[in-house]
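The structure appears below as structure tokens.
The values are calculated or read from the model by the stated rules, or taken from the named source; none is laboratory data. Model, not experiment: these values are computed from the prediction. Cβ coordinates were reconstructed from backbone atoms using ideal geometry, including for glycine residues, and neighbour counts include every protein chain displayed. Heads up: the accessible areas ignore ligands, DNA and RNA and are worked out on the full protein's heavy atoms, side chains in. Shrake-Rupley method; radii C 1.70, N 1.55, O 1.52, S 1.80 Å.
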Amino acid sequence: MSRAGKSLAASRIQVFLSAWVLYAGYYICRKDINPNTGSGISHFAADLICFGAAYAISQFAGGMLADSFGARRTALTGAGISILCTSLLAFHSPPALELLLLLGNGLGQGLGWPSIVRLIGEWFDRGERDRVLGWWSSSYILGGVIATTLTAWLAVHTRVAALTGFHPAYLVSSSILLFAALFFTWGTAHLAHPAPPRSLSPGPTHSDLTPRRTQAGAWREILANRKIQVISLVYFFLKMTRYTLLFWLPLYLTSSLGYTQHSAEHFASYFELLGFLGPLAAAYALERWLGGRRMVLGAGMLFALAFVCLLHPVLAGGNWFGTAVSISLMGILIYGADVLMSAMAVLDAVPEELYGRAAGFVNGIGSFGQTLSPFLVTVFVSQLGWTKLFDLFVFFALVAGGVCAFGSQL
């Protein structure tokens, strides 16, 4: 390999590691509350709805900013906003100010996904991108596990301080994101000036040959893209299911299956701990057997998810092993389909100039589904029970899988 080739390879490694660390840090500031540390289930649900709404709206702005002003700058801006709002939540504030800080954190967090996805899209070719995204996705999957564990530990060891109105857990999570942002700043310092070379071959890039789009023209192109329409609809149902399980599995295990709080948190962690295998399996399956047919694989994973959700009440009603297997399979299938839709398929559906907007649009639509997830627990479950909720997940997965199968024909 030539010296230029070695330099490019080293830069790609730096970009990957920096993106991984920063997004894991983002998640530390996103999962720093749980239903057992606040003012009850209803308060927690309201927090998730407010955060989710701000996060969804910010996705659209984040995508536009990443495309217009650069992925690096947008990602660091979002991290800065999240750090500021999260650190201020540590101190006793009037409810109105707490709500504003929660909304501010959601707005900051929403800038992260479209900018990081665009960054990876810029630096890695299509032939290697799925594999890179599969490994990078462990940042928010395993980062979520770390965040949950850290939050639970801090909730126990800072309870006395919390009674006085001071919540040091928020300072810890914001400090971690601060260090992650500093690492990202250092690791991507070479991105502050020229655009990255996609390859070592001379000649104009695709961006050089494409007429510059207006803001309105860029969004019209996104809205008119049939693949993006399909992916967005699939992701709406998928993310509603994912976030319901992500935040509410411990409550389900304690209230419906009679697990202790400690056991419930242990079994719920399998959803993320083993879930990171899903994106890796999806990436290597696309590369080795499916020839990049992302929508075909997505449909298969979603239909498999419907089957697992259908069997879950039977598996969970048997013994702890059945519960662990069911939760793990749901995590693998959901996270595999999640990265497949929200990143891999998105980058394949649009030209490079629209990577940020496309990623933000799809995740924004999905995040409106995320915002509805607390209603499934506080309203749907309270009226019909947890078993019916898993029946609803079967319906969501079948609809999403059917849409995905339709999208494979486009």
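Here are a few things to note about the model shown:
- Evaluated with a Cβ-only charge set (Lys, Arg +1; Asp, Glu -1), the chain carries a dipole of roughly 660 debye about its Cα centre, given to the nearest 20.
- Degrees between helix 126-136 axis and first principal axis of the chain (Cα, 0 to 90, nearest 10): 30 degrees
- Stretch gain in nm, segment Arg12-Glu128, where the contour uses 0.36 nm per residue and the Cα spacing is subtracted: 40.6 nm
- The chain, accessible area per residue, ligands and nucleic acids excluded (1.4 Å, Å²): 42 Å²
- Listed peptides 108-116, 401-409, 125-133, 168-176 appear in the order 108-116, 168-176, 401-409, 125-133 once ranked by packing, highest mean of other Cβ atoms within 10 Å at the front.
- Each residue of segment 81-89 was assigned a 3J(HN,Hα) from its phi angle through the Karplus expression (A = 6.51, B = -1.76, C = 1.60, θ = phi - 60°), giving 4, 5, 4, 4, 5, 5, 5, 6, 5 Hz with x at Gly and Pro.
- Degrees between helix 95-110 axis and first principal axis of the chain (Cα, 0 to 90, nearest 10): 40 degrees
- Residue with peak Gaussian network fluctuation, the chain [Cα springs, cutoff 10 Å], from Ala46, Ala282, Ala359: Ala46
- Loop-located GluC sites (Glu not before Pro) in segment 255-324 whose Cβ has at most 12 other Cβ within 10 Å (DSSP): none
- Taking the average, over residues, of other Cβ atoms within 10 Å as the packing measure, peptides 352-358, 250-256, 139-145, 218-224 rank 352-358, 139-145, 250-256, 218-224 from highest down.
- Partner lysines whose Cα lies under 22 Å from the Cα of Lys31, excluding those fewer than 8 positions away in the same chain, are identified as Lys239.
- Tilt relative to the chain, helix 355-375 - C-alpha long axis, 0 to 90 degrees, to 10: 10 degrees
- The packing ranking, built from the mean of other Cβ atoms within 10 Å per residue, places the peptides 227-235, 84-92 in the order 227-235, 84-92, highest first.
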